[in-house]
1. Checking A:ILE161 against (1) out of contact with any Phe, Trp or Tyr (no Cβ under 8 Å at 6 or more places or on another chain); (2) surrounded by 14 or more Cβ atoms within 10 Å (Cβ to Cβ), which single condition isn't satisfied?
2. Name the single residue, out of those in region A:175-202 being outside any helix (DSSP H, G or I) and more than 9 Å from every other protein chain (Cβ to nearest Cβ), that is surrounded by the most Cβ atoms within 10 Å (Cβ to Cβ).
3. Tell me yes or no: at least one residue of region B:88-103 is surrounded by 20 or more Cβ atoms within 10 Å (Cβ to Cβ), within 26 Å of A:LEU157 (Cβ to Cβ) and of a type in the set (D, E, K, R).
4. Any residue in region B:92-120 that's within 14 Å of another protein chain (Cβ to nearest Cβ): show its pairings with residues that are β-branched (Val, Ile, Thr) at Cβ separation under 6 Å, as long as the two are six or more apart or on different chains.
5. Consider region A:271-298. How many of its residues are within 18 Å of the chain's Cα centre (by Cα), within 14 Å of another protein chain (Cβ to nearest Cβ) and surrounded by fewer than 24 Cβ atoms within 10 Å (Cβ to Cβ)?
6. Just one of B:ARG155, B:ARG118, B:ARG98, B:ARG139 is within 15 Å of B:ILE49 (Cα to Cα), at pLDDT 90 or above and either in a helix (DSSP H, G or I) or assigned by TED's automatic domain parsing to the domain that holds B:ILE49 (or both); which is it?
7. With B:VAL12, B:VAL70, B:VAL40, B:VAL60 as the choices, which residue is modelled with pLDDT of 90 or more and either among the acidic types (Asp, Glu) or outside any strand (DSSP E or B) (or both)?
8. Residues in region B:63-71: is at least one closer than 17 Å to B:SER153 by Cβ, within 17 Å of the chain's Cα centre (by Cα) and surrounded by 17 or more Cβ atoms within 10 Å (Cβ to Cβ)?
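The values are calculated or read from the model by the stated rules, or taken from the named source; none is laboratory data. From a predicted model like this one, the values you see are computed outputs, not experimental measurements. Don't worry about glycine lacking a Cβ; one is built from the backbone with ideal geometry, like all the others, and counts go over all protein chains shown.
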Amino acid sequence: MQKNYFLSKLCGLLILSVILVVLGTLLGSTGASWNVLGPDQTIVFDIRLPRSLGAYLAGALLGLAGGIAQSLFRNPLADPYLLGSASGALLGVGSILCFAYLGNSWLEIIGLNGGAFLGALIGVLASLFLAGGYRSSLRLLLSGVVISVILGAANSLFTFIRPDLFQSIQSFMLGNTTLMHWSGVELMTIALFLCLAITLIISPALDALSLGENTARTLGLPLDQLRLVLIGILALATGCAVAQTGLVAFVGLAAPHLVRKISGGRQRVQLIFSCLGGGILLLSSDLIARTLFAPLEIPVGIVTAVLGGLYLLVLLRRTPFGGRS
Amino acid sequence: MRSMSHARYLIVGVALFLLGFSLAVFAAPISIVDDRGIAVVFEKPPQRIVSLLPSLTESVCALGKCGALVGIDRFSNWPKSIQGLPKLGGMGDVNIERIVQLKPDVVLLERASPVIARLHSLGIKTFALDIKSMGDEERALKKLDAVLGTTESGRVWNQIKIEIMRANKLLPSRGENIRVYFEVNPAPYAAGRTSFIGEILSQLSLTNIIPESLGPFPKINPEFVVQAKPDVILLTESNASDIQGRPGWSAIPAVSKNRICVFTADQNDVLVRPGPRMGEAALIISQCIQEKLSSSR
């Protein structure tokens, strides 16, 4: 009985995703234009399709990472950027931009996307190092906050020294889905399948964790190793998404909440739905961002924050007092 | 005896006349309305000037009063002679203490500058200008002429016009419609027709692919650029290989024929500052476009 519901809900979300991707290839810089044959083939297949898929995949990665973070830290306010990955990625992009004038071939090979990915990983590693390991959630959270503040300050110093870079750094901070490549889409597809597969295999550990750390330990799970794997997935998923689209706000925080009601409390279902929900949220935001004032664009992060925030408010109003959601 | 007193009266009369005349000529306070709409009164032309905006520094120097500058902002770097002057900070970190130490007769700054109120309360005269377009610069030159007691603005403006005409003649066939896309930032932000760069493009009778309704610096959907098929792309921040690697952009004539102008940092300063070097900016743009068009034919 419950299985059937799960399948129908899953199908519903998947169909919604496909509809959004099709919409993404139809809606262009001239507003809503429905003639598929009209626009150039390169525009549909080299620009709109990778952009729509890329936005969807990045949202899915962020949704998955957000779901993992909230279960791992047992905190409904946790998001994928918690462990210093956001400020790390920002610093990576800032330093690549800042030192680009040196013309170093290494910098060109790494590029902005590579810089963001490396920065995110370094941020998470620094948090792990500062927390003295991965055993205590509280220490991890605190060191993540501290690392975010320190790296954020370093980044402010960059923009202070080179104010001409401010606009580039700001467009990374607000999220940017405009120049998505097929290569980026391929990378994110691989990352998503890898992360999703591993997460689903070890999701029972998250179920156990939801009972509290001590209870989980008494169940005999290798909790510490599993926690390290989950942190690794969190960093990988966030790093991949951030490297391609920048720091899109709020998707990782909102996606797990958006689907909590229909997922029925089981971690495995919750994570899959949160993944799909993230993709749907980011892609629909991207659609709004590019069609609302076409051919102008609004930074996509602004739209995700407004859209996700409004939906969360509605959820909050409709949830009775005392309910945990 | 009588003639003595006569001569005395005459001397006193002449002295009084000279005094009055000199007061009228040398010390008549002039009052000039700045871009805030505030009338700023100067007893005599300022001898110690601080400029907190590169385009204002350049304008003061173009009017021949470079020697009166005693301090500049961090970004002012032209002409070379001012580079030894004390640097008084940038946009958010103006060094108020140092400005007070320099005892300037007037501080020239941008209208939206946050330090105006602070300088006022310290008793330092400010003159604020708001320069965003070519028309603004023409007005600013005239006002600065009045403040500095010079009469050079007409000559400077004529020079700019002559340079723009020369730049126009460099372009191959002026009847041909050359469609251009000027990117100010790889996000991508474009230079619209109402921006200063856009004005220079229209002075050169080039067709900006960004319509006027989109404002000065719109964040543009990249597929719009692909659909608009510009003949030449002008870049300030990214490089040509970035552009060639963008998805679908190889379909643009400018990219497939490699008509991409990338400007150096020094050229960028000229291009983005609405100042007395705007004629030079027009020349830089037209020279590059002419080179790219002739080499790809």
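1. Going through the list (1) out of contact with any Phe, Trp or Tyr (no Cβ under 8 Å at 6 or more places or on another chain); (2) surrounded by 14 or more Cβ atoms within 10 Å (Cβ to Cβ), A:ILE161 breaks only (2).
2. Narrowing region A:175-202 to residues outside any helix (DSSP H, G or I): A:175-181, A:202.
Next, from what is left, pick out any that are more than 9 Å from every other protein chain (Cβ to nearest Cβ): A:175, A:177, A:202.
Details: A:GLY175: 29, A:THR177: 26, A:ILE202: 17.
The selected residue is A:GLY175.
3. Keep residues of region B:88-103 that are surrounded by 20 or more Cβ atoms within 10 Å (Cβ to Cβ), which gives B:88, B:94, B:99.
So of that shortlist, the ones also within 26 Å of A:LEU157 (Cβ to Cβ) come out as B:88, B:94, B:99.
With of a type in the set (D, E, K, R) added as a condition, the list becomes none.
No, every residue in region B:88-103 fails to be surrounded by 20 or more Cβ atoms within 10 Å (Cβ to Cβ), within 26 Å of A:LEU157 (Cβ to Cβ) and of a type in the set (D, E, K, R).
4. B:VAL94/B:VAL115
5. Applying the first criterion (within 18 Å of the chain's Cα centre (by Cα)) to region A:271-298 yields A:271-287, A:289.
Checking which are within 14 Å of another protein chain (Cβ to nearest Cβ) leaves us with A:286-287, A:289.
Remaining after also requiring surrounded by fewer than 24 Cβ atoms within 10 Å (Cβ to Cβ): A:287.
Qualifying residue count, region A:271-298: 1.
6. Values: B:ARG155 fails: within 15 Å of B:ILE49 (Cα to Cα); B:ARG118 fails: within 15 Å of B:ILE49 (Cα to Cα); B:ARG139 fails: within 15 Å of B:ILE49 (Cα to Cα).
Just one listed residue meets the conditions, B:ARG98.
7. Working: B:VAL12 fails: modelled with pLDDT of 90 or more; B:VAL70 fails: either among the acidic types (Asp, Glu) or outside any strand (DSSP E or B) (or both); B:VAL40 fails: either among the acidic types (Asp, Glu) or outside any strand (DSSP E or B) (or both).
Going through B:VAL12, B:VAL70, B:VAL40, B:VAL60 in turn, just one is modelled with pLDDT of 90 or more and either among the acidic types (Asp, Glu) or outside any strand (DSSP E or B) (or both): B:VAL60.
8. Step one: list which residues in region B:63-71 are closer than 17 Å to B:SER153 by Cβ, which gives B:63-66, B:68.
Okay, now just the ones that are also within 17 Å of the chain's Cα centre (by Cα), so B:63-66.
Keeping just the survivors that are surrounded by 17 or more Cβ atoms within 10 Å (Cβ to Cβ) gives B:63, B:65.
Yes.
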